[in-house]
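Below: one structure, written as structure tokens.
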Amino acid sequence: MDNLVGKMLGPYEVEEQFGSGGMAQVFKARQRSMSRLVAIKVMSPLLYDDPQFEARFRQEAQTVAALEHPHILPVIDFGEQEGVLYLVMRYVGGGTLHDLIRKGPMPPQVALRYLTDIGSALDYAHSLGVVHRDIKPKNVLLDAQGNAFVADFGLAKITAGGGITRSGLGVIGTPHYMSPEQGRGMAVDGRSDLYALGVVLYEMLTGKLPFDADSTVGIVMKHISEPVPPASAANSSLPPALDAVIAKALAKDPADRYQSGQEFAQAVAQALG
């Protein structure tokens with residue numbers, strides 16, 4: 001997987017690397033035939049210790065490629081070359097929601113816009129039985145106009161049977177955004193994604209995470225057992241009505257949460273008056 005810059009992956013000429021993680025590296029590339037830029041996610045060879053990984057990768061890639069929604073980053077191709085498995089996605093050059101949050105808390109109406117867009121993408125995917133499993137600001141990409149696109153749909157499921165986990169707990173996900181049931185290693189459904197979306201909203205409004213600790217296990221245990229700190233305590237300009245909305249979004253029991261992204265966004269809009 002090293003030194004792909006300047007090489008061809010299928011019909012794509014790799015130009016530069018602009019992201020990496022434990023499971024993949026991300027490159028900007030050019031599709032010569034269309035003269036367009038694309039993003040290519042190259043899967044880590046460490047995942048290949050599962051003999052069924054390639055078959056699962058192809059199956060899930062086809063599922064994700066079939067998702068068509070204005071706020072889901074399109075997967076336009078996938079392939080394998082000399083043992084390298086890769087996904088090809090639309091290239092958007094506006095950074096991530098994570099980059100935006102690092103600049104500080106955003107106005108509630110702006111946060112509501114992103115919440116609504118991400119929630120509608122999740123509702124659509126959930127209606128087709130696709131659960132993301134790793135909703136976080138780094139997985140929400142922005143274009144030059146600030147439109148949001150949820151990326152990496154299905155990637156957690158692709159890797160779920162492999163030898164790698166990103167939390168070190170034997171479960172797939174990112175600890176700061178992980179629902180209690182996900183932290184326990186239980187089966188998850190769309191309501192786990194909506195919990196993570198609640199964490200993202202808290203972070204957009206306050207610039208802080210609701211739960212943090214010195215270790216992965218400590219973070220997960222807080223999600224499982226501690227009450228949600230009021231967002232209005234972290235950002236005094238927020239209406240206290242939002243605290244109850246966020247508390248419901250981050251309820252420990254999935255049955256007590258909002259059951260759709262639309263319901264969640266409507267509750268936030270009402271709390272903002």
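Observations on the structure shown:
- Calculated FRET efficiency for the pair I76/R184, C-beta based, R₀ 51 Å, to 0.05: 0.90
- The angle between the Cα long axis of helix 261-271 and the main principal axis of the chain comes to about 40°, on a 0 to 90 degree scale.
- Using the Cβ of Y258 as centre and a radius below 13 Å, the other residues enclosed give a net charge of -2, where K and R count +1 and D and E count -1.
- Distance between the modelled labels on A269 and I224, one decimal in nanometres: 3.8 nm (7 Å Cα→Cβ projection).
- Normalised contact order of the chain, rounded percent, pairs of Cα under 8 Å and 6 or more residues apart: 16
- Computed [θ] at 222 nm, deg cm²/dmol, the chain (DSSP H ≥ 4; -39,500 (n - 2.57); rounded to nearest 500): -10500 deg cm²/dmol
- Between helix 216-225 and the chain: long-axis angle, C-alpha atoms, 0 to 90°, nearest 10: 40
- Two-decimal ratio, region 70-126, of alpha-carbon radius of gyration to 2.2 N^0.38 Å: 1.51
- In the chain, the longest principal axis of the Cα atoms and the axis of helix 53-65 are about 70 degrees apart.
- Between L37 and D143, the simple spin-label model (points 7 angstrom out along Cα→Cβ) gives 1.3 nm.
- Remark: the R58-A213 segment gains 52.1 nm on full extension, using 0.36 nm per residue and subtracting the alpha carbon distance.
- Restricting attention to the chain, lysine pairs at least eight places apart or on different chains and with alpha-carbon atoms under 23 angstrom apart total 25.
- According to the Cα-based calculation, Rg over Rh for the chain is 0.97, with Rh computed by the Kirkwood formula.
- For V88, the accessible area of its heavy atoms, probed at 1.4 Å with every protein chain present, is near 0 square angstrom.
- Rounded Å value of the spacing that divides the Cα centres of region 61-111 and region 183-243: 23
- Cβ-based net charge around P11, under 10 Å, with every Lys or Arg adding one and every Asp or Glu removing one: 0
- Range in the chain, longest, excluding exposed GluC sites (Glu not before Pro) [loop by DSSP; at most 16 other beta-carbon atoms within 10 Å]: 83-273
The values are calculated or read from the model by the stated rules, or taken from the named source; none is laboratory data. Being a predicted model, the structure only gives us computed values, none of them experimental. We place every Cβ from the backbone using ideal geometry, glycine too, and count neighbours over all the protein chains shown. Heavy atoms of the whole protein, side chains included, go into the accessibility calculation; ligands, DNA and RNA do not. Shrake-Rupley method; radii C 1.70, N 1.55, O 1.52, S 1.80 Å.
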